[in-house]
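Taking it in order: structure first as structure tokens, then the write-up.
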Amino acid sequence: MMTREKILKDLQEKFKSDIIDVFDKSPKRVYIGIRPESLRKVAEYVVGILNARFNIATGLDARRHIEILYHFTLEDINLLVSFRVKLDRTSPKADSLTDILEGANWIEREIHEMLGVDFRGHPDLRKLLLSDDWPEGVCPLKADYKEWDKKAIRDRGI
């Protein structure tokens with residue numbers, strides 16, 4: 001059985017040019033900054049070789065960039081590993097993980113809809129949460145969101 005230390009060392013050696021930084025937050029949580037173009041190969045490794053379980057992805061507008069965090073659990077050692085991927089804010093693009101992780105389908109659709117991330121290779125980026133009349137490219141969770149419907153009464157911006 002691999003230890004936490006061995007897994008983190010292995011990841012940093014194997015993906016030396018793909019990892020930007022490692023933030024070892026606590027004994028049960030690690031954040032790893034990944035280059036956007038490297039996300040697929042690192043995700044394939046942690047799921048296929050390390051038997052990590054994909055939990056969910058989260059997205060946010062950090063004002064200078066769009067950030068996506070992909071959360072994986074290594075259950076054997078009780079470790080949550082979050083891959084942090086920073087995307088260009090004006091044209092955020094990332095490779096879809098849906099063919100590797102079926103569970104990424106809906107969350108990638110949601111992040112696409114709410115933050116405008118173009119997930120290249122995603123099989124179906126149609127709307128998931130917003131109404132059909134919601135304008136394309138108007139992303140309600142971006143920091144610069146402006147209400148587009150003058151008749152709408154929205155207490156939370158969306």
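Results, tabulated for the structure shown:
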quantity	calculated
Filter pass, Ser17 being exposed (fewer than 14 other Cβ atoms within 10 Å of the Cβ), farther than 30 Å from Tyr145 by Cβ, modelled with pLDDT of 95 or more and among the polar types (S, T, N, Q)	yes
Those residues of segment 32-62 which are surrounded by 17 or more Cβ atoms within 10 Å (Cβ to Cβ), touching a strand residue (DSSP E or B) at 6+ places or on another chain (Cβ under 7 Å) and in a strand (DSSP E or B), in sequence order	Ile32, Ile34, Phe54, Ala57, Gly59
The listed residue being over 12 Å from the mean Cα position of the chain (by Cα), surrounded by 12 or more Cβ atoms within 10 Å (Cβ to Cβ) and not hydrophobic (A, V, I, L, M, F, W, C), out of Glu136, Glu113	Glu113
Matching residues in segment 63-93 - criterion: being part of a loop (DSSP other than H, G, I, E, B) and either more than 15 Å from Lys25 (Cβ to Cβ) or hydrophobic (A, V, I, L, M, F, W, C) (or both)	Arg63, Arg64, Arg89, Thr90, Ser91, Pro92
Unique residue being of a type in the set (D, E, K, R), on the phi < 0 side of the Ramachandran plot and in a helix (DSSP H, G or I) when the list is Lys16, Lys9, Lys25	Lys9
Any chance Ile56 is touching a Gly at 6+ places or on another chain (Cβ under 9 Å) and in contact (Cβ under 8 Å) with a residue 24 or more places away in the chain	yes
In segment 66-100, the residues that are within 13 Å of Arg40 (Cα to Cα), aliphatic (A, V, I, L, M) and surrounded by 20 or more Cβ atoms within 10 Å (Cβ to Cβ)	Val85, Ala94, Leu97
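The values are calculated or read from the model by the stated rules, or taken from the named source; none is laboratory data. Values in this document were obtained by computation on a predicted structure and should not be read as measured data. Glycine also receives a Cβ, built like all others from the backbone with ideal geometry; neighbour counts cover every protein chain displayed.
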